[in-house]
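J.: Would you mind keeping the following structure in view while I ask a few things?
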There are 2 protein chains.
Amino acid sequence: MTRSADIRVAVSTVILTLRRGDDGPPVLALPLVRRTREPFAERWALPGGWLTPEESPVDAAARTLAETTGLAPTYLEQLYAFGAVDRSPTRVVSIVYWALLRQDDVEAQITAHRASGRAPENVEWFDVDDLPALAFDHHEIIEYALWRLRNKVGYSRVAQGFLPAEFTLAELREAYESILGRALDPANFRRQVESAGNLIRTDRFRTGSHRPARLYRDDTDLELADRGPLRPEETRTR
Amino acid sequence: MTRSADIRVAVSTVILTLRRGDDGPPVLALPLVRRTREPFAERWALPGGWLTPEESPVDAAARTLAETTGLAPTYLEQLYAFGAVDRSPTRVVSIVYWALLRQDDVEAQITAHRASGRAPENVEWFDVDDLPALAFDHHEIIEYALWRLRNKVGYSRVAQGFLPAEFTLAELREAYESILGRALDPANFRRQVESAGNLIRTDRFRTGSHRPARLYRDDTDLELADRGPLRPEETRTR
């Protein structure tokens with residue numbers, strides 16, 4: 001009797017990392033998968049697939065992400081359920097998850113995946129400022145993820161999610177600049193970060209081609225996921 | 001081929017208001033609907049129903065909310081998509097929306113609904129501290145909504161969502177106390193609110209049985225909904 005059986009449920013994942021090139025500022029980047037079937041065959045899309053009856057949405061997101069990209073983040077946060085009537089040629093509600101990963105974690109996970117003989121196919125990482133034409137409403141989903149990321153930056157330690165455990169203030173500022181899409185005054189930034197009081201000065205310094213820069217670290221573990229009192233099967237990847 | 005057709009999509013709504021009795025502190029309350037069918041016949045449940053192919057999830061949430069309770073909030077924010085495998089006897093993903101309403105708005109909307117001859121049936125308002133046995137995982141959904149509400153209070157003007165346009169500091173403190181579930185020191189609360197600088201002192205006073213208390217108002221419109229750059233059909237009720 002209910003016509004909700006005509007609606008299918010899919011999952012997709014937005015994995016953001018801060019990609020550091022040889023020179024120039026770091027850039028936000030994410031993996032996309034080239035579709036091999038209609039609709040939108042040959043177009044790039046977020047990693048994802050159908051929700052099956054035996055798995056929770058977050059498990060489906062983790063499974064499809066691992067199958068397509070080899071990535072296995074320890075948690076995925078639910079971003080939003082997208083369900084506009086016209087977002088797909090057939091009626092599909094997509095529950096979208098996201099995670100921020102450090103570039104070295106990304107590389108380690110992909111290397112481990114390759115070592116197991118399951119090299120990801122049809123996957124490429126794109127800078128968010130230079131995306132190809134995308135399938136479905138995936139442009140809109142990415143735009144929403146970036147908007148949420150910019151909103152988080154204001155009151156949380158979200159930028160550290162992209163950085164190694166110890167980082168210089170310049171590296172932290174560059175992460176903020178990449179997320180916000182604008183330059184920040186270095187002296188003001190240093191003052192604000194130091195007065196916020198959630199960074200710990202270490203006794204170590206980054207040395208290299210420039211003069212040594214002090215390394216900082218967070219004073220607590222980063223807790224990015226918006227889990228609250230949810231059951232583990234709602235949030236945790238297997 | 002895809003087995004996602006075995007999964008159905010429903011919507012539910014958590015409508016929170018601050019119910020002010022004749023005396024005593026105000027309490028958080030929400031409307032529940034008594035189920036008339038299996039599963040969980042006779043149990044109380046959040047207002048909701050099936051998503052139909054012709055409507056977006058937020059439209060379905062607004063429609064089922066109006067049908068069952070007579071309430072018609074101007075916007076609904078997406079709370080979370082609940083999809084644990086065992087949350088219902090059949091496999092159902094529920095996209096849950098929420099809104100904070102002022103008690104006078106609630107009463108005006110119910111009065112208008114009654115005047116149109118469609119008195120809501122099987123609906124009752126319950127204090128969140130005194131809920132009956134609920135259908136499905138609706139206890140968990142409400143617990144999550146209250147957790148999100150408590151988290152919002154820390155850094156936003158969410159408590160004002162429950163208050164009239166002008167309010168005393170004691171009324172604002174009572175709203176915070178109801179949400180947080182603990183007493184706040186009146187002098188500290190006043191200092192914090194005044195130093196935060198997002199309230200405007202009016203020249204008006206609340207008079208009555210106590211000594212006159214100055215009325216305050218927000219300096220900007222309350223923007224509770226987490227909309228971001230989403231399309232209107234993802235967020236706005238018709």
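J.: Could you state the orientation-averaged shadow area of the convex hull built on the Cα atoms of chain B, in nm² to one decimal?
T.: Working: hull surface 61.9 nm².
For the Cα atoms of chain B, the hull's average projected area reads 15.5 nm².
J.: Can you list the residues, at least 5 places off or on another chain, whose amide H is less than 5 Å from the amide H of B:Leu28, using H built in the peptide plane?
T.: Long-range HN contacts for B:Leu28: B:Arg19, B:Val128.
J.: I would also like to ask the following. Look at the axis of the rotation that sends chain B onto chain A, then give the chain B residue with the nearest Cβ and the distance in whole Å.
T.: Nearest to the symmetry axis by Cβ: B:Ala81, 2.
J.: Any idea what the A:Asn198 label distances to the other copies are, label 7 Å down the Cα→Cβ vector, nm, shortest first?
T.: Taking the point 7 Å beyond Cα along Cα→Cβ, the inter-copy spacings are 1.7 nm.
J.: Additional query: Tell me, in nm to one decimal, what length is gained between B:Asp127 and B:Val85 on full extension, where the rule is 0.36 nm per residue of separation less the Cα-Cα distance?
T.: Full extension of this stretch gives 12.2 nm more.
J.: Could you estimate the translational diffusion coefficient of the protein assembly as shown from the Stokes-Einstein equation, with Rh from the Kirkwood formula over C-alpha pairs, at 37 °C and 0.692 mPa s, in whole µm²/s? Walk me through the numbers on the way to the answer.
T.: Working: Rh = 24.6 Å.
Answer from the Stokes-Einstein relation: 133 µm²/s.
J.: Within 10 Å of each Cβ in peptide A:6-12, how many partner chain Cβ atoms are there on average? Round it to a whole number, please. Walk me through the numbers on the way to the answer.
T.: Details: counts 7, 11, 7, 12, 2, 3, 0.
Mean partner shielding for this stretch: 6.
J.: Sticking with this one: Given a Förster distance of 30 Å, report the FRET efficiency between B:Ser209 and B:Glu107 from their Cβ-Cβ distance, rounded to the nearest 0.05.
T.: Computed FRET efficiency for B:Ser209 and B:Glu107 comes out at 0.85.
J.: Ok, one more. With the label 7 angstrom out along Cα to Cβ, how close does A:Thr111 come to the same site in each of the other copies, in nm, nearest first?
T.: Computed spacing set for this position: 7.0 nm.
J.: Take peptide A:52-58, look around each residue's Cβ out to 10 angstrom, count Cβ atoms belonging to other protein chains, and average those counts.
T.: Mean shielding count: 5.
J.: Grab the DSSP H runs of the protein assembly as shown that are 4 residues or longer, score each as -39,500 (n - 2.57), total them, divide by all residues and round the 222 nm result to the nearest 500 deg cm²/dmol.
T.: Numbers: 12 runs with 140 residues, N = 476.
Helix contribution divided over all residues of the protein assembly as shown: -9000 deg cm²/dmol.
J.: Quick one: length gained pulling B:Arg118 to B:Asp185 fully straight, 0.36 nm per residue minus the C-alpha distance? Let's see the in-between values first.
T.: Values: separation 67, 0.36 × 67 = 24.12 nm, distance 4.49 nm.
Stretched fully, the B:Arg118-B:Asp185 segment lengthens by 19.6 nm.
J.: Would you mind checking which residues have amide H under 5 Å from B:Val96's amide H? H placed 1.01 Å from N; only 5 or more apart, or other chain.
T.: Under 5 Å from the amide H of B:Val96: B:Ser12, B:Leu79, B:Tyr80, B:Ala81, B:Phe82.
J.: Let me ask another. If a/c stays under 1.5 just call it rounded; otherwise compare a/b with b/c (prolate if a/b is bigger, oblate if not). Do that for segment B:43-172, with a ≥ b ≥ c from the square roots of the Cα gyration tensor eigenvalues.
T.: Oblate, because a/c is 1.5 or more while a/b does not exceed b/c.
J.: Compute the whole-percent fraction of alpha carbon pairs in segment A:164-221 spaced more than 13 Å apart.
T.: The answer is 64 percent, as a whole percent.
J.: Restricting the count to DSSP beta bridges whose residues both fall in the protein assembly as shown, what percent are antiparallel, rounded to a multiple of 5?
T.: Details: 50 of 72 bridges.
Counting DSSP beta bridges with both partners in the protein assembly as shown, the antiparallel share is about 70 percent.
J.: So, one more: So what is the relative contact order for chain A, in percent, with contacts set as C-alpha pairs under 8 Å and at least six apart?
T.: 23
J.: Counting only other chains, what is the mean number of Cβ atoms within 10 angstrom of the Cβ of each residue in peptide B:141-150?
T.: Details: counts 1, 0, 3, 6, 1, 2, 5, 3, 0, 1.
For peptide B:141-150, the averaged partner shielding equals 2.
J.: Once the label point is set 7 Å along the Cα-to-beta-carbon vector, what list of distances in nm do you get between B:Asp86 and its counterparts in the other copies?
T.: Nearest to farthest, the other copies are at 4.3 nm.
We did not get these values from a lab; they are worked out from the coordinates using the rules stated. Since this is a predicted model, take the numbers as computed values, not measurements. Please note: Cβ atoms are built from the backbone with ideal geometry, for glycine as well, and neighbour counts cover all protein chains shown.
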